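All remarks here apply to the structure that follows.
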Amino acid sequence: MQKRPLKHIIFGKPIHERLAHNERLNVPFGLAVFASDALSSVAYATEEVLLVLILAGSLVAYNQLPPIAIALAVLLAIVAFSYYQTVHAYPDNGGTYVVSTDNLGSGAGQFAGAALLIDYVLTVAVSISSGVQAVISLAPQAQPYAIHIACAAVGILCFMNLRGAKESGIVFAIPTYGFIILILILIGNAIVTGVNSPQVTPNLPPHDGDPLHQMGLFLVLRAFAASCTALTGTEAIANGVKAFKPPEARHASQALVAMVVLLGVMFIGISWVAHHSGIVPMHSGTEGYKTVLAQISINQFGNGPMTWAIMIMTAGILFLAANTAYADFPRLASFIARDGFLPRQLASIGDRLVFQNGIILLSVVSIALIIKFNADTHSLIPLYALGVFIAFTLSQAGMFVYFRKRRWMVLKRKDLEANEENPVHTPQERIVAARKLAYKSYISAFGCLVTFIVAGILVVTKWEEKIWIVVIAMGVIMAIFTLISRYYKKLATKLSVTDEDTLPELTATTLLLVPRLHKGILQAIKYAQASSPDVRALHVSLNQKSAEKLKEEWIKFGVEMPLIILDSPYRSIVQPTTEYIDELLAKNKKRMVTVIVPEAVPNHWYQALLHNNAAIQLKLALAKRKNVVITNVRYFIEEPK
């Protein structure tokens, strides 16, 4: 019976390409995988808005929470409608990178790609750190282990995603739908019990004297910028259309609509409940720290089973919200790598039909960020959202160009794009189709303008909160894209075959390294003799008696191959061998030297420790020499029966 590789035991059996459709997601599972990031922002977005508003120390500022929540819901609808159009226009993955590259050019695509890669890393770091804070709200004694819990959560997510999209979707559906149901129950209960009761006056901290913290337009804009973290993840479904079951565009758009409705209802609902109940946020690290959501739960249900259930599901969805990044980061990285701007290893799909290198890269970078910021959500949030709003802007600008091009094609009597049901023939049909495309382009233009303004607000209001780190990081990633692309282009130029190229004339020489004559060497001798007419056996002498013994055995056995003995006064096997090869190459520049290295393969891994590693040393020493080929001839050491 053949042993299963350890990799397959841990991550599951390889999945055949023809079974790839079985790994596709339906709408409920797709919503759990791609919408958990956006939906989970309900747990911290209201808190981030309040943390800004209470700086003014006035009830007037505090009362801006409901209008900000409504404004964000309107912005969400604008962005979502634009992505709804994108999903149908690009059913084969209409992600921001693809849309920007196709319609605005490679530079815009790279800019969008860099912004989204950063945002996905921050999604993991923010979601996991926020989940840890939910755990700490339940169990304050876990505070010293915040970083350890966060890193462990990233490791679990990495493991689940390496097993495949379908398995991760099944696991992640439980906390996602549990969170949705409990939050809706919480909001419903608060409305029923609080609609006829007066608003509770919040116990606000006094104004700290900072002019920037006074009630005014800047403070409101800053609070609105904080609320924009709720929109991160809105683009995830458009980036992962191909992960849905056919018809992909219809299922993806259904999931998008469901996500937007749920997010809008929950964010406005939680903001209203927090405002009506007079909830004041606490700073993380404060003794007895409770999140705003935890305070609302305790206020509604007391510190009982319902509150515990809400906080457990909140922690669960926050941990799993990072899965949106795991669904999209590897896929986006594969697109960018396919275009030659990232290492090609990121474009390779593994035997579980996942981009395993992208998953591992995301995990490593996210853990580094969590450690750097001590798993503190409030330190990470200011860096969040800029990348995604840049992506929103570029995507909608790209869709504006897309619809204008299609309108021009229709008016010039060309058929509509391939995903339209019927081509346009009559003049009246062309006019109607062109009008529809014009309306769609206006929607995209309006969305582009709005998200561009929001991106500007984020930069201005969060500059002092170190959002400039994201700007610098985007510049660095763009520079990396350029360097990698330049390298691949140079490589392609050097390796491309032209009409002037011919097969090179080469002289082949084979060298067989012989430590001593034994059964394991015999097969290597036969292989060497068959590989080249010029074949030589090479022995490095560390001991005169051993060399003489080998000569006698060589003659006695009748090996038809010259045996060359190299002296090694410094008792090195590598140096005399490389010097001899260098001499051969110096005599004939067109010589190709094949070095055959016999290598023992023991039955058990620990037996390898009992063999010298001369073969490995030689391979490392010869690896960078031109016109040198290294071949291993392994001989298996069977256990005596």
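Looking only at the range 616-635, decide whether some residue is surrounded by 10 or more Cβ atoms within 10 Å (Cβ to Cβ), in a strand (DSSP E or B) and either more than 43 Å from the chain's Cα centre (by Cα) or among the basic types (K, R) (or both). Walk me through how you get there before you give the answer.
Pass one, the range 616-635, residues surrounded by 10 or more Cβ atoms within 10 Å (Cβ to Cβ): 616-622, 625, 627-635.
So of that shortlist, the ones also in a strand (DSSP E or B) come out as 628-635.
Cutting the leftovers down to either more than 43 Å from the chain's Cα centre (by Cα) or among the basic types (K, R) (or both) gives us 634.
Yes, the range 616-635 contains a residue that is surrounded by 10 or more Cβ atoms within 10 Å (Cβ to Cβ), in a strand (DSSP E or B) and either more than 43 Å from the chain's Cα centre (by Cα) or among the basic types (K, R) (or both).
Within the range 516-541, can you find the residues that are part of a loop (DSSP other than H, G, I, E, B) and touching an Asp or Glu at 6+ places or on another chain (Cβ under 9 Å)? Don't jump to the end; show me each part of the working.
Of the residues in the range 516-541, the ones part of a loop (DSSP other than H, G, I, E, B) are 516-518, 532-534.
Result: R516, L517.
Do we find that L538 is modelled with pLDDT under 90, crowded, with 18+ Cβ neighbours inside 10 Å, touching a helix residue (DSSP H, G or I) at 6+ places or on another chain (Cβ under 7 Å) and closer than 22 Å to T578 by Cα in this structure? Lay out the reasoning, then the answer.
Working: modelled with pLDDT under 90: no; crowded, with 18+ Cβ neighbours inside 10 Å: yes; touching a helix residue (DSSP H, G or I) at 6+ places or on another chain (Cβ under 7 Å): yes; closer than 22 Å to T578 by Cα: yes.
No: the conditions fail for L538.
(1) over 25 Å from V454 (Cα atoms); (2) modelled with pLDDT under 80: which one isn't true of A434, the others all being true?
Answer for A434: the failing condition is (2).
Consider V574 carefully, then state whether it is touching a Pro at 6+ places or on another chain (Cβ under 7 Å) and either in the same structural domain as A600 (by TED's automatic domain parsing) or at pLDDT below 90 (or both).
Numbers: touching a Pro at 6+ places or on another chain (Cβ under 7 Å): no; either in the same structural domain as A600 (by TED's automatic domain parsing) or at pLDDT below 90 (or both): yes.
Here the answer is no, as V574 does not meet what is asked.
Cβ contacts < 7 Å: first residue closer than 16 Å to N632 by Cβ, restricted to the range 506-532; second residue aromatic (F, W, Y), any location; separation 6+ or different chain. Result?
G520/Y635; Q523/Y635
Do we have any residue at all in the range 50-59 that's surrounded by fewer than 18 Cβ atoms within 10 Å (Cβ to Cβ), modelled with pLDDT under 85 and under 24 Å from the mean Cα position of the chain (by Cα)?
no
For residues in the range 14-32 being assigned to a helix (DSSP H, G or I), modelled with pLDDT under 80 and among the hydrophobic types (A, V, I, L, M, F, W, C), which is farthest from Y83 (Cα to Cα)? Talk me through it step by step, then tell me what you get.
Going through the range 14-32, the residues assigned to a helix (DSSP H, G or I) turn out to be 17-23, 27-32.
Pick out the ones that are also modelled with pLDDT under 80 and you get 17-23.
Going one step further and asking which of them are among the hydrophobic types (A, V, I, L, M, F, W, C), we end up with 19-20.
Numbers: L19: 29, A20: 26 Å.
Only one residue tops the list, namely L19.
For the range 391-402, indicate whether the set of residues that are crowded, with 24+ Cβ neighbours inside 10 Å and either more than 26 Å from G107 (Cβ to Cβ) or within 18 Å of the chain's Cα centre (by Cα) (or both) is non-empty.
Yes, that holds for at least one residue.
From the list A38, A80, A89, which one is within 29 Å of T101 (Cβ to Cβ) and under 21 Å from the mean Cα position of the chain (by Cα)? Spell out the reasoning first.
Details: A80 fails: under 21 Å from the mean Cα position of the chain (by Cα); A89 fails: under 21 Å from the mean Cα position of the chain (by Cα).
It is A38.
Tell me, yes or no, whether the range 332-345 has at least one residue that is in a helix (DSSP H, G or I), buried (at least 20 other Cβ atoms within 10 Å of the Cβ) and in contact with a Lys or Arg (Cβ under 6 Å, 6 or more places away or on another chain).
Yes; the residues of the range 332-345 include at least one that is in a helix (DSSP H, G or I), buried (at least 20 other Cβ atoms within 10 Å of the Cβ) and in contact with a Lys or Arg (Cβ under 6 Å, 6 or more places away or on another chain).
The values are calculated or read from the model by the stated rules, or taken from the named source; none is laboratory data. What you are looking at is a predicted structure, and each value in this text was computed from that prediction instead of being measured. Here Cβ is always computed from backbone atoms with ideal geometry, including for glycine, and neighbour counts include all displayed protein chains.
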